[in-house]
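Colleague: Could you have a look at this structure, given as structure tokens, before my questions?
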Amino acid sequence: MKYIVKYLSLLILVFSLNLNAQEDINNESSGEEFMDINNSFITKYEYGKMLFNNPRGIGCSNCHGSDARGKKIVEFKHIYDKKEYNCSLVAPDIKYVEYDVFSKKVNAKKNDNVKFEKEQVCDKLIHKANVMPTYFLVEDEIEAIYYYIQNQK
């Protein structure tokens, strides 16, 4: 008797799975559109927030601020050619940047071909220091960070 109950339970399960599969096939052939449901345990916003605060060591928030509006990181004096320069390292506002610009900048390498005027000593020094870390983020991670930044309150 015990085996018959298990066998019947198994048959009912297989039958119900078959009905569900048949229903899916019928819906697909009828042209009904399916909603792509994200069954993730974490939302895109939460994932983006996590990455924004700590993607691969130093988080975006450390330099760009918790609101992504940018901030002054450091001021320093630099002596070049017997002249003293007052320099400021400022992380830019990334809250309102377009996605394509944001995406390119995140994993961009330093451009060694950038030319500076003689009086742009601070800009040249900061550029050569390559302050923005390279995170090697995949597109889904970049999209999640951007989504978080754009949807912050």
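The values are calculated or read from the model by the stated rules, or taken from the named source; none is laboratory data. In this text, all values refer to a predicted model and were calculated from it rather than measured experimentally. Every residue, glycine as well, gets a Cβ built from its backbone with ideal geometry; the counts of neighbours run over all protein chains shown. Just so you know, the surface numbers come from the protein's heavy atoms only, side chains and all, with ligands and any DNA or RNA stripped out. Shrake-Rupley method; radii C 1.70, N 1.55, O 1.52, S 1.80 Å.
Colleague: Name every residue in the range 64-75 that is within 13 Å of Ser88 (Cβ to Cβ) and surrounded by 13 or more Cβ atoms within 10 Å (Cβ to Cβ), in order of residue number. Quick ask: steps written out before the conclusion?
Modeller: First pass over the range 64-75, keeping only residues within 13 Å of Ser88 (Cβ to Cβ): 70-75.
Result: Gly70, Lys71, Ile73.
Colleague: Continuing with the same structure: So, in the range 123-153, of the ones that are at pLDDT below 85 and among the charged types (D, E, K, R), which residue ends up surrounded by the fewest Cβ atoms within 10 Å (Cβ to Cβ)?
Modeller: Lys153
Colleague: Consider Ser88 carefully, then state whether it is in contact with an Asp or Glu (Cβ under 6 Å, 6 or more places away or on another chain), at negative phi and not aromatic (Phe, Trp, Tyr).
Modeller: Numbers: in contact with an Asp or Glu (Cβ under 6 Å, 6 or more places away or on another chain): yes; at negative phi: yes; not aromatic (Phe, Trp, Tyr): yes.
Yes; evaluated as a whole, the condition is true for this residue.
Colleague: Does Glu98 satisfy being surrounded by fewer than 13 Cβ atoms within 10 Å (Cβ to Cβ), more than 22 Å from Ile42 (Cβ to Cβ) and at pLDDT below 90?
Modeller: Values: surrounded by fewer than 13 Cβ atoms within 10 Å (Cβ to Cβ): yes; more than 22 Å from Ile42 (Cβ to Cβ): yes; at pLDDT below 90: no.
When the stated conditions are applied, Glu98 does not pass them.
Rundown of residues vs (1) closer than 23 Å to Gly57 by Cα; (2) out of contact with any Leu (no Cβ under 8 Å at 6 or more places or on another chain); (3) not β-branched (Val, Ile, Thr), yes/no style:
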residue: Lys105; (1), (2), (3): yes, yes, yes
residue: Asp112; (1), (2), (3): no, yes, yes
residue: Glu119; (1), (2), (3): no, yes, yes
residue: Ile126; (1), (2), (3): yes, no, no
residue: Asn130; (1), (2), (3): yes, yes, yes
residue: Glu139; (1), (2), (3): yes, yes, yes
residue: Tyr146; (1), (2), (3): yes, yes, yes
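Colleague: Then there is this: If you go through the range 76-92, how many residues are open to solvent by less than 100 Å² (accessible area, probe 1.4 Å) and of a type outside the set (S, T, N, Q)? Show your work before the answer.
Modeller: From the range 76-92, those open to solvent by less than 100 Å² (accessible area, probe 1.4 Å) are 76, 78, 85, 87-92; that's our starting set.
Filter once more, so that each one left must be of a type outside the set (S, T, N, Q): 76, 78, 85, 87, 89-92.
Qualifying residue count for the region: 8.
Colleague: Could you identify the single residue in Gly48, Gly70, Gly57, Gly65 that is in contact (Cβ under 8 Å) with a residue 24 or more places away in the chain, in contact with an Asp or Glu (Cβ under 7 Å, 6 or more places away or on another chain) and not aliphatic (A, V, I, L, M)?
Modeller: Working: Gly48 fails: in contact with an Asp or Glu (Cβ under 7 Å, 6 or more places away or on another chain); Gly57 fails: in contact with an Asp or Glu (Cβ under 7 Å, 6 or more places away or on another chain); Gly65 fails: in contact with an Asp or Glu (Cβ under 7 Å, 6 or more places away or on another chain).
Result: Gly70 is the single residue among Gly48, Gly70, Gly57, Gly65 that is in contact (Cβ under 8 Å) with a residue 24 or more places away in the chain, in contact with an Asp or Glu (Cβ under 7 Å, 6 or more places away or on another chain) and not aliphatic (A, V, I, L, M).
Colleague: Let me ask something additional. So which pairs qualify, if the first residue must be in the range 103-122 and open to solvent by 60 Å² or more (accessible area, probe 1.4 Å), the second must be part of a loop (DSSP other than H, G, I, E, B), the Cβ gap must be under 6 Å, and the two must be at least 6 apart or on different chains?
Modeller: That search, which allows pairs on different chains as well, returns Lys110/Asn130.
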